[in-house]
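Structure record follows, encoded as structure tokens.
The values are calculated or read from the model by the stated rules, or taken from the named source; none is laboratory data. For clarity, every value in this text was computed on a predicted model and none was experimentally measured. Positions of Cβ are generated from backbone atoms using ideal geometry, with glycine treated the same way; all protein chains shown enter the neighbour counts. Just so you know, the surface numbers come from the protein's heavy atoms only, side chains and all, with ligands and any DNA or RNA stripped out. Shrake-Rupley method; radii C 1.70, N 1.55, O 1.52, S 1.80 Å.
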Amino acid sequence: MSKDNNSDTIFQNEERELSTLNLGPTHPATHGIFQNILKMDGEIIHEATPTVGYIHRAFEKLAERRPFNQITPITDRLNYCSSPINNMGWEMTVEKLLKVQVPKKVDYMRVIIMELARIADHLICNSVIGVDTGAMTGFLYIFQWREKIYDIYESICGARLTTNIGRIGGFEKDWKPETWKMIHEFVDGYPKALTEFSNLLERNRIFMDRTVNCGPISAERALAYSFTGPNLRAAGVDYDVRVMNPYSSYQDFKFDIPVGISGDTYDRFMVRQFEMWNSLEIIRQAIKNMPKDEPCHANVPEFFLPPKEEVYNNMEALIYHFKIVMGETDIPKGEVYHAVEGGNGELGFYLVSDGGRTPFRLHFRRPCFIYYQAYPEMIKGSMLSDAIITMSSMNVIAGELDA
């Protein structure tokens, strides 16, 4: 049911009794551990008060107590639906501080993994929107492709969800032929599955009735809240970090930036649908133009663990191994900000170094924390069922709410 534009008139009668409903913190419909205290007039939402802090893990302060190469696993826990993007965003931030130039091959390998992560992120979000509108089939069908992406992660780094993938300077080792085979199979097979998923929902009358004009936000309000990513593009603003401030050689790739019109749930769904097609095209370009005969990491022995056989037989390699593991490598003083286009928007890292073994100050720009501030405004006057779908379409990940 769509949001009533004249909803304020519903609440003019102050004598009506409002009820309080706790939506969360552990309700399955919230898809995460956070709470919304709703003032309800029947099924109409009069007022919403979001709360955070239920999974507070002090990411930033934890990171400020760890050597730089041990912070990557912490970034896994932000938006864990696309953790490789978090990992590589942090690694690129440190490389910017160190002024490290990585080989072009590393850039292209990172692009492949980050776009696979974007597909996995959007796949989860859009299939869950379908579930919240009563369409379970698409979710059950498309989810197997997320597992195929996780198989690729596992073949590279040994992990599936919290990946800790990559290293400062590149990758630990070159990818195996089996990994490339899985990537090719995914790129060849996923378009058919995505087409079938699209046919299930994109022009489905029931799905459109449930999502069009549901939880809209204007471009002006979205910008005022500092929206980025698919949620901003759905409102009609073509801002994408990959184009505005290219990193990892994204300037080498041709792709479109899909935008919506009304910024409602349907537009957010469609923007993510188009972005999955774009990611497939970017991966194809990266595979086709992958530089040959280049190393898979930069020449930074101070930050890149040497092979085990060298550690056992070479004194210099043993020293580097010890210094890296113990966090005793020299770090320059400086202040940098680096952002990547995460699965959910601009994921930024503000890093201040005083030359010590750990960051002096580290702040994560988490897009979900920003979206959550706008949630009460977006659902006021709507039905409770619309609030559930609106939250799903914003893809608020609880791991990004607390830092």
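Spin-label model, ASP354/GLN70: points 7 Å from Cα along the beta carbon direction are separated by 1.9 nm. Solvent exposure of CYS296, expressed as accessible area, is near 10 Å², computed with a probe of 1.4 Å over the protein chains only.
Computing FRET efficiency as 1/(1 + (r/R0)^6) for PHE143 and VAL212, where r is the C-beta to C-beta distance and R0 is 25 Å, gives about 0.50. Remark: the range 161-263 carries a charge dipole of roughly 160 debye about the Cα centre, counting +1 on each Lys and Arg Cβ and -1 on each Asp and Glu Cβ.
Using a cut-off of under 11 Å, list every residue of the range 156-192 whose amide N is near the label point 7 Å from the Cα of LEU62 along the Cα-to-beta-carbon line. Under cut-off, by backbone N: nothing. For the options GLY158, GLY343, GLY263, a Gaussian network treatment of the chain with springs between C-alpha atoms closer than 10 Å singles out GLY158 as fluctuating the most.
Ordering ARG357, ARG272, ARG205 by accessible surface, largest first, gives ARG205, ARG357, ARG272; the 1.4 Å probe counts only protein heavy atoms, with every chain in place. Of the trypsin sites (Lys or Arg not before Pro) found in the range 59-104, those that fall in a DSSP loop while having at most 14 other beta-carbon atoms within 10 Å are ARG65, LYS99.
With each label modelled as a point 7 angstrom along the Cα→C-beta vector, the ARG284-TYR337 pair spans 3.7 nm. When THR163, THR20 are compared by accessible area at a 1.4 angstrom probe, the order from most to least is THR20, THR163. Hey, for a label at ASP238 modelled as a point 7 Å past Cα toward Cβ, could you say which residues of the range 200-224 have their backbone N under 19 Å away? So the set is 219-220, 223. Under 24 Å of direct C-alpha separation, and excluding same-chain neighbours fewer than eight residues apart, LYS192 reaches these lysines: LYS148, LYS181, LYS254, LYS288.
Using a 1.4 Å probe on the protein heavy atoms, what percent of the accessible area of the range 200-312 belongs to carbon and sulfur? The computed percentage sits at 54. Extension gain, SER385-LYS254: 0.36 nm per intervening residue step, less the Cα-Cα distance, totals 43.3 nm.
Surface calculation, 1.4 Å probe, protein heavy atoms: PHE369 sits at approximately 80 Å² accessible. Note on MET326 and LYS99: the model spin-label points, each 7 Å out from Cα along the C-beta direction, lie 2.8 nm apart.
Looking at the range 265-358, the accessible area is 50 square angstrom per residue; that uses a 1.4 Å probe and ignores ligands, DNA and RNA. Per-residue accessible area (protein heavy atoms, 1.4 Å probe) orders LEU384, LEU223, LEU123 as LEU223, LEU384, LEU123, starting from the largest. Dividing the summed helix terms, -39500 (n - 2.57) for each DSSP H run of n ≥ 4, by the number of residues in the chain produces a 222 nm estimate of -14500 deg cm²/dmol to the nearest 500.
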